[in-house]
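Report on the structure given below.
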Amino acid sequence: MAPGRARPLAAAASWFRRSRSRTSSVTSRLSRSTVKSDCGTWIAARDSGVVLALLNHQPARGAPAPAASLISRGRLIAALAGEAGVPDGARLRDAGLASFAPFRLFVAAPAVPPRVFTWNGVALTSRRLDPRAGFLTSSSWNPRAVLPARHARFRAFRRAHPSPSRRDLVAFHDEASDVRGGAWAIRMSRNDARTVSVTAIEVTASGVRMRYRAVR
């Protein structure tokens, strides 16, 4: 996603990464929106240019355990994808967040600065995300160490590619090696889970395009 061609999402592929051992894939049509899932991260794009991505979140130690009976987080993004307007904090609170395990939700739309909502199981917070250098990642294993390491790797990538093209971003997400082991890699691989696909979304003046690619 080259800057200028995909205005809201200069580093979209960085936000939309899948990391689960199961490899099932579901695509559904909801009110002219497309939702992609591989059983761990959910990605949606509307023809209007609204883009949503939900990542699992691992709260800091000491956070209360999730409720025993939870609703799949995929249902939340599917509902949001099928609605008009841009999701905000009020809409998310109306969804009954206590019924969902912790997550981070990325929201971008034309003329609306990209924002990340974080539900930690107790409170909902939000922050803006740099549309040119924003990066989100998740890891259920050792997140306190893995996430900062991946952010450092992305910062190094941006120094080497001040204006990354879509090809540059795709190549970054195909990096499957790390000196510390596959669990630390961008295209990660562990004994219990691995990255199984890469989804890239481009939002331009001519429309919205979603590309999904399975990886091994």
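Here is how the numbers come out for the structure above:
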item: Test result for Ala193, without any contact (Cβ under 8 Å) to a residue 40 or more places away in the chain and small (Gly, Ala, Ser); result: no
item: Among the candidates Leu136, Leu147, residue that is free of Cβ contacts under 8 Å to residues at least 60 places away in the same chain, under 18 Å from Ala53 (Cα atoms) and under 14 Å from the mean Cα position of the chain (by Cα); result: Leu147
item: Hits in segment 158-214 - residues which are of a type in the set (Asp, Glu), surrounded by 11 or more Cβ atoms within 10 Å (Cβ to Cβ) and in a loop (DSSP other than H, G, I, E, B); result: Asp174, Glu175, Asp178
item: Filter result (over 16 Å from Arg190 (Cα atoms) and among the hydrophobic types (A, V, I, L, M, F, W, C)) within segment 121-148; result: Val122, Ala123, Leu124, Leu129, Ala133, Phe135, Leu136
item: Pair list, Cβ under 7 Å, 6 or more apart: segment 88-106 residue free of Cβ contacts under 8 Å to residues at least 40 places away in the same chain, other residue assigned to a helix (DSSP H, G or I); result: Ala95/Leu76; Phe100/Arg73; Phe100/Leu76
item: Residue satisfying all of: in segment 52-64; over 30 Å from Gly82 (Cα atoms) and aliphatic (A, V, I, L, M); modelled with the highest pLDDT among these; result: Ala60
item: Top-ranked residue of segment 113-128 - restricted to ones that are of a type outside the set (Phe, Trp, Tyr) and touching a residue at least 40 places away in the same chain (Cβ under 8 Å), ranked as nearest to His161 (Cα to Cα); result: Pro114
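Condition check ((1) of a type in the set (A, V, I, L, M, F, W, C); (2) over 21 Å from Asn56 (Cβ atoms); (3) modelled with pLDDT of 95 or more) across all residues:
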position	(1), (2), (3)
Ala81	yes, no, no
Ala84	yes, yes, no
Ala90	yes, yes, yes
Ala101	yes, no, no
Phe117	yes, no, yes
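The values are calculated or read from the model by the stated rules, or taken from the named source; none is laboratory data. For clarity, every value in this text was computed on a predicted model and none was experimentally measured. Neighbour counts are summed over all protein chains in view; Cβ atoms, including those assigned to glycine, are modelled from backbone coordinates with ideal geometry.
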